[in-house]
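Each remark here refers to the structure printed beneath this line.
The values are calculated or read from the model by the stated rules, or taken from the named source; none is laboratory data. Note that the structure is a prediction, hence the values are computed from the model and not measured. Ideal geometry is used to build each Cβ from the backbone, glycine not excepted, and the neighbour counts take in all protein chains shown. Keep in mind that these areas ignore ligands, DNA and RNA; they rest on the heavy atoms of the full protein, side chains included. Shrake-Rupley method; radii C 1.70, N 1.55, O 1.52, S 1.80 Å.
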Amino acid sequence: MLEVTDLEVAYGDVRALWGVSIHVDAGSVVAIVGANGAGKTTLLKAISGLVPAKRGEIKLSGTSLLGRLPEDIARLGIAHVPEGRGLFRQMTVLENLELGAFQPKARANMKRALEKAYDLFPRLKERTGQKAGSLSGGEQQMLAIARATMSEPSLLILDEPSIGLSPLVVQQMFQLIEALHKQGVTILLVEQNIHQALKIADYAFVLKTGELAMQGTGAELIADPEVQKAYMGVL
Ligand code: ATP
């Protein structure tokens, strides 16, 4: 579904990614892991059109995304939940969700999408009239993800969904991602929480200082002594 080939991205003279190729199959969960500054967020931003590619190709179901505006890429079916969530804090849960269905097609299906979102996120249904800014961190992250699902995207991109959450809420977040996966949503996920991410990932890519260092199924990478030593604190 998503094919990134030989991607190079730079911020001025600073090269953030080079020669990066990844693929995401329809219906799968794919994790991008790696240390701070490895280029994970940059990769997601390049896919969503938020930073330009210097070289390479990015295709969604055969359509090139290069040079397109972020809103065009969203219209093509990619929903991106950035780190920091980007919620409208003064607006209610329901208003935030409605904003997720901003495209004409999504607006027509809004009722169905809202029901689906509230089924998956009952906590949000209970808090439908509450201001987003008054929710707990975990609830805000859930709202950000639920809002992204309102456009019924073909690819859901999540940048560090578990960041800043307590261990219990992190567990709930990963369960939620698995539930979305079971519903058939294709997910590309960046995570610092490498062990958890690899546990739920069908496939994963390890980035190291802007380059692809390793790839494999989640299970293969969890079992890899090099990954354990470098990223999971195993001595
Ligand atoms: P983190 O987990 O810390 O967010 P990351 O793996 O997501 O790290 P990126 O945020 O993609 O990494 O950053 C990759 C490199 O690009 C880093 O060296 C970073 O300093 C640099 N970089 C990121 N954003 C910018 C920017 N707007 N301007 C200049 N350099 C940037």
**Prompt:** Where the eigenvalues come from the Cα gyration tensor of region 99-185, what are the semi-axes √(5λ) of the equivalent ellipsoid, largest first, in whole Å?
**Reply:** 21, 15, 11
**Fill in**
Percent antiparallel among DSSP beta bridges confined to the chain, rounded to 5, stands at 55 percent
**Request:** Obtain the radius of gyration and the Kirkwood radius of the chain from its C-alpha atoms and give Rg over Rh.
**Result:** 0.96
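To the nearest µm²/s, what D does Stokes-Einstein give for region 132-235 at 20 °C and 1.002 mPa s, using the Kirkwood radius over alpha carbon pairs as Rh? Display every interim value, and only then the final one.
Details: Rh = 14.7 Å.
This corresponds to a translational diffusion coefficient of 146 µm²/s.
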**Message:** Between 0 and 90 degrees, rounded to the nearest ten: what's the tilt of helix 167-182 against the longest Cα principal axis of the chain?
**Reply:** 90 degrees
**Inter-label distance for GLU211 and ARG123, nm, one decimal - labels placed 7 Å from Cα along Cα-to-Cβ** = 4.1 nm
**Complete:** Using alpha carbon centers only, region 1-40 is separated from region 165-179 by a whole-angstrom value of 24 Å
**On Cα atoms only, tilt of 137-149 relative to the major axis of the chain in degrees** = 90 degrees
**Prompt:** Share of region 39-188's accessible area from carbon and sulfur, percent, 1.4 Å?
**Reply:** 53 percent
**Request:** Report ³J(HN,Hα) in whole Hz for each residue of region 102-111, in order, from the Karplus equation J = 6.51 cos²θ - 1.76 cosθ + 1.60 where θ = phi - 60°; Gly and Pro get x.
**Result:** 7, 7, x, 5, 5, 5, 5, 9, 4, 4
**Message:** Along each principal axis of its Cα atoms, how long is region 38-161 end to end? Whole angstroms, biggest number first, please.
**Reply:** 46, 34, 22
**Prompt:** Can you pick out the pairs among LYS199/LYS229; LYS116/LYS182; LYS45/LYS199 whose Cα atoms lie more than 22 Å from each other?
**Reply:** LYS45/LYS199
**Request:** May I ask you to list the residues of region 1-18 whose amide nitrogen lies under 18 Å from a point 7 Å from Cα along the Cα→beta-carbon direction of LEU50?
**Result:** 8-12, 16-17
**Request:** Would you mind pulling out the separation of the Cα centroids of region 115-145 and region 56-92, in Å?
**Result:** 21 Å
**Fill in**
Here the relative contact order (percent) of the chain, from C-alpha pairs under 8 Å and at least 6 apart, is 27 percent
**Request:** Counting residues in region 162-211 as N, plug N into 2.2 N^0.38 Å and put the Cα Rg over that result.
**Result:** 1.20
**Request:** Using only alpha carbon pairs under 8 Å that are at least six residues apart, calculate the relative contact order of region 21-99 and give it in whole percent.
**Result:** 17 percent
**Prompt:** At a Förster distance of 25 Å, what's the computed FRET efficiency of SER28 paired with GLU226, Cβ-Cβ distance as r, to 0.05?
**Reply:** 0.60
**Prompt:** In the full protein assembly as shown, how much of ARG127 is accessible to a 1.4 Å probe, in Å² to the nearest 10?
**Reply:** 60 Å²
**Request:** Quote the relative contact order of region 108-235 in percent (integer), defining contacts as alpha-carbon pairs under 8 Å separated by 6+ residues.
**Result:** 17 percent
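Give me the dipole magnitude in Debye, nearest 20, for the chain about the Cα centre, with unit charges on the beta carbon: positive for Lys and Arg, negative for Asp and Glu. Spell out each step's value before the answer.
Working: 24 positive and 25 negative charges, 142 e Å.
Rounded to the nearest 20 debye, it is 680 debye.
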**Asked** Rolling a 1.4 angstrom probe over the protein heavy atoms, how many square angstrom per residue are accessible across the chain?
**Response** 47 Å²
